[in-house]
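Colleague: This is the structure I have questions about; it appears just below.
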Amino acid sequence: MDMHPTRASISLGYVGLYETCRALIGESNTSKAGQKLSIEILEFMNKKCNQWKASEGYGYSIYGKPEESTTLAFALANRRDFGFIPYITDKDYVVNSYHVDPREEINWADKLTIEGKYLALSSGGAVSYVETLDLQHNKQAVIDIIKFMHNHIVYAEFNRKIGVCFKCGYEGDIDLIKTEDGKFVFKCKNCGNTDDSLMDVTARLCGYLGKVNAGNTNVGRLDDIF
């Protein structure tokens, strides 16, 4: 039976490039040394994919993966196995693919420029993003961001958190509060409503905008996106 292996592809997902840099050199993947190490790691993985492709015929590639429920599972497993390590296991998520840690202060242009280098080496799939405030009255900013993305990165998007409180009718940014027991609740800025059933929130979820419910969404993902 002719299997035609060249018609098949295998994408190998990876996460935690940020944590890897922190663990190996004590620096973020945004620093000069972190960028050098990150590119070396991605180039090594691509080299292995090319070797496997040459020997087996299948189209191997690496995929900058957005985690879903595994983000919390991986974070807890790392903390269990390696203990509490600042910048690495001190959070309830592992940073998606090659992304900058959401906690790191960095302007959107620098973020896209740095991540653009990593995305170019993730041919199996990847997406970068920037978080924005409400830009509906600043169309020029939207145009400027899109133009910058066109010139500096293969695939990117910008997101904002949008909420509607059905209790008072408020529309806009909805606060996310982390309680003392480690749980999250959304809170309306106008009336203080925290009832999930009486509000609707759309935010970045695993790289793309989606409906987010504080009571049912993975805690690690909420810790990441907010």
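The values are calculated or read from the model by the stated rules, or taken from the named source; none is laboratory data. What you see is a predicted model, and the numbers here were worked out from it, not measured in a lab. Positions of Cβ are backbone-derived with ideal geometry, glycine not excepted, and every protein chain shown enters the neighbour counts. Each accessible area value is taken on the protein alone, full model and side chains, heavy atoms only, with ligands, DNA and RNA left out. Shrake-Rupley method; radii C 1.70, N 1.55, O 1.52, S 1.80 Å.
Colleague: Please tell me if residue 84 is over 18 Å from residue 65 (Cβ atoms), touching a helix residue (DSSP H, G or I) at 6+ places or on another chain (Cβ under 7 Å) and either open to solvent by less than 30 Å² (accessible area, probe 1.4 Å) or at pLDDT 95 or above (or both).
Modeller: The answer is no for residue 84.
Colleague: Condition (residue is within 20 Å of the chain's Cα centre (by Cα), open to solvent by 20 Å² or more (accessible area, probe 1.4 Å) and within 30 Å of residue 90 (Cα to Cα)) applied to the stretch 185-200: is it met by at least one residue?
Modeller: Scanning the stretch 185-200, I find no residue that is within 20 Å of the chain's Cα centre (by Cα), open to solvent by 20 Å² or more (accessible area, probe 1.4 Å) and within 30 Å of residue 90 (Cα to Cα), so the answer is no.
Colleague: What are the pairs, 6+ residues apart or on separate chains, where a residue within the stretch 126-152 that is farther than 19 Å from residue 113 by Cβ has its Cβ under 6 Å from a residue that is assigned to a helix (DSSP H, G or I) and open to solvent by less than 70 Å² (accessible area, probe 1.4 Å)?
Modeller: Hits for this filter: 135/141; 135/142.
Colleague: Of 204, 160, which residue is in contact (Cβ under 8 Å) with a residue 60 or more places away in the chain and of a type in the set (Lys, Arg)?
Modeller: That would be 204, the only listed residue that is in contact (Cβ under 8 Å) with a residue 60 or more places away in the chain and of a type in the set (Lys, Arg).
Colleague: Of the numbered conditions (1) modelled with pLDDT under 90; (2) on the phi < 0 side of the Ramachandran plot; (3) surrounded by 13 or more Cβ atoms within 10 Å (Cβ to Cβ), residue 136 satisfies every one except a single condition; which is it?
Modeller: All conditions are met except number (3).
Colleague: So the check is Cβ under 6 Å with 6+ separation or different chains; which pairs have a first residue in the stretch 182-201 that's farther than 13 Å from residue 164 by Cβ and without any contact (Cβ under 8 Å) to a residue 40 or more places away in the chain and a second one that's among the polar types (S, T, N, Q) and open to solvent by 20 Å² or more (accessible area, probe 1.4 Å)?
Modeller: Sorted first by the residue in the stretch 182-201, then by its partner, the pairs are 185/194; 187/194.
Colleague: May I ask you to say which residue of 85, 41 is touching a residue at least 60 places away in the same chain (Cβ under 8 Å) and of a type in the set (A, V, I, L, M, F, W, C)?
Modeller: Criteria check complete, one pass: 85.
Colleague: Output the residues belonging to the stretch 111-125 that are touching a residue at least 60 places away in the same chain (Cβ under 8 Å) and either in a loop (DSSP other than H, G, I, E, B) or farther than 12 Å from residue 28 by Cβ (or both).
Modeller: Those that are touching a residue at least 60 places away in the same chain (Cβ under 8 Å) and either in a loop (DSSP other than H, G, I, E, B) or farther than 12 Å from residue 28 by Cβ (or both): 117, 118, 121, 122, 123, 124, 125.
Here's the yes/no breakdown for (1) closer than 26 Å to residue 112 by Cα; (2) hydroxyl-bearing (Ser, Thr, Tyr); (3) over 18 Å from the mean Cα position of the chain (by Cα); (4) assigned to a helix (DSSP H, G or I):
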| residue | (1), (2), (3), (4) |
| --- | --- |
| 23 | yes, no, yes, yes |
| 33 | yes, no, yes, yes |
| 46 | yes, no, yes, yes |
| 54 | no, no, yes, yes |
| 62 | yes, no, no, no |
| 66 | yes, no, no, no |
| 75 | yes, no, no, yes |
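Colleague: Okay, next question. Failed condition for residue 51, given (1) among the polar types (S, T, N, Q); (2) out of contact with any Ser or Thr (no Cβ under 8 Å at 6 or more places or on another chain); (3) open to solvent by less than 40 Å² (accessible area, probe 1.4 Å), with all others met?
Modeller: Only one criterion in (1) among the polar types (S, T, N, Q); (2) out of contact with any Ser or Thr (no Cβ under 8 Å at 6 or more places or on another chain); (3) open to solvent by less than 40 Å² (accessible area, probe 1.4 Å) is unmet by residue 51, namely (3).
Colleague: Mind listing just one residue for me: the one in the stretch 177-226 that is aromatic (Phe, Trp, Tyr) and outside any loop (DSSP other than H, G, I, E, B) and, of those, modelled with the lowest pLDDT?
Modeller: Among residues in the stretch 177-226 that are aromatic (Phe, Trp, Tyr) and outside any loop (DSSP other than H, G, I, E, B), the one modelled with the lowest pLDDT is 208.
Colleague: Now, a different point. Go through the stretch 144-183 and give me each residue that's closer than 20 Å to residue 110 by Cβ and surrounded by fewer than 11 Cβ atoms within 10 Å (Cβ to Cβ).
Modeller: Within the stretch 144-183, 147, 150, 151 qualify.
Colleague: Of the residues 54, 73, which is at pLDDT below 95, closer than 21 Å to residue 218 by Cβ and out of contact with any strand residue (DSSP E or B) (no Cβ under 9 Å at 6 or more places or on another chain)?
Modeller: 73
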